[in-house]
Amino acid sequence: MVTIGTFDGVHLGHRKIINRLLASAAGNDLESVVLTFFPHPRMVLQKEAQIKLINTIDERIALLEASGLDHLVIHPFTKEFSRLTAEEFVKGILVDQLKARKVIIGYDHRFGRNRNANIEDLKAFGEQFNFEVEEISKQDVDDVAVSSTKIRKALLEGDLDRANEYLGYPFMLNGTVSRGKGLGRKFNYPTANLKVKEPYKLIPAKGVYVVKSNIGGKAVYGMMSIGTNPTVGGSDLTIETFFFDFDQDLYDQKLEIILLTRIRDEKKFNSVDELIAAMQEDETYSRNFIQQLNA
């Protein structure tokens, strides 16, 4: 039993489809399969658009695998693949490779060359190749009222709370800790400078965030600044996290940092003293938020 999609974000709307797939597969004694694609089709077909994605491919894999699927198939999306006709895709991928007995798909799903085939075409192929098609209705999709586009917009506008609500989990950034300029240490706020290697990963709006990470099997909280450090004349975008009550060398370590809430916009202060005072206020806010979170 198969469902198909890009699943960027693996958000609440996607989970509704996946849960339907899992329940239907269990009820029909079939194995559940998610067929997804990488790169994202728009990264291949609309390179000039430079789409930013909610998840890296590794994050998407981890989220999909955690949902309890039997099989996750990631098909390379290339220009050649995009030129397959609808029948070539159905026969070559769904029937011959995945042995689909049933396909669960959204009412507005389109596929094949130039995306010219729709769910009615898929149902006709189902009759031809002997598989069932279950349609997820417009009402079912609209009831969730979530889309990857809405989540990307919320993140870029700094509305992290809304993005996290739509995702059903907190947005995360994965990267490697690298050496920065060491400015934070001068201000008594030593930070871990996170480098995200995937250029397509969406970086949320500049500002200060309350964050959490798992380091050495232990939850460690802190505050993260995304921005250019304008008060001290910075120009490059950096992602810097000050972890509370924590003193370990994290250089070259891989970290996943979970963004819990956003405190404020990035601001250029008139002096370093003003900046430090604001950071102290951010720390107080963050510690109070974390205390309430764990109460």
Going by the conditions given, is SER178 out of contact with any helix residue (DSSP H, G or I) (no Cβ under 8 Å at 6 or more places or on another chain), among the hydroxyl-bearing types (Ser, Thr, Tyr), assigned by TED's automatic domain parsing to the domain that holds PRO41 and surrounded by fewer than 16 Cβ atoms within 10 Å (Cβ to Cβ)? no
Any idea which residue in region 233-269 is surrounded by the fewest Cβ atoms within 10 Å (Cβ to Cβ), counting only those that are touching a residue at least 40 places away in the same chain (Cβ under 8 Å) and acidic (Asp, Glu)? ASP252
Would you mention how many residues in region 157-168 are touching a Leu at 6+ places or on another chain (Cβ under 8 Å) and surrounded by fewer than 19 Cβ atoms within 10 Å (Cβ to Cβ)? 1
Tell me, please, whether a residue that is assigned to a loop (DSSP other than H, G, I, E, B), farther than 18 Å from LYS206 by Cα and either of a type outside the set (Gly, Ala, Ser) or without any contact (Cβ under 8 Å) to a residue 12 or more places away in the chain (or both) can be found in region 274-290. no
For region 19-32, state whether one or more residues are among the basic types (Lys, Arg) and either within 12 Å of the chain's Cα centre (by Cα) or under 21 Å from LEU202 (Cα atoms) (or both). no
Suppose the filter is part of a loop (DSSP other than H, G, I, E, B) and surrounded by 19 or more Cβ atoms within 10 Å (Cβ to Cβ); does PRO190 pass it? no
Exactly one of GLY207, GLY222 is closer than 16 Å to ALA163 by Cβ and out of contact with any Cys (no Cβ under 6 Å at 6 or more places or on another chain), and that residue is GLY207
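The values are calculated or read from the model by the stated rules, or taken from the named source; none is laboratory data. Nothing here was measured: the structure is a model prediction, and the numbers come from that model. No Cβ is skipped: glycine too gets one built from the backbone with ideal geometry, and neighbour counts run over all protein chains shown.
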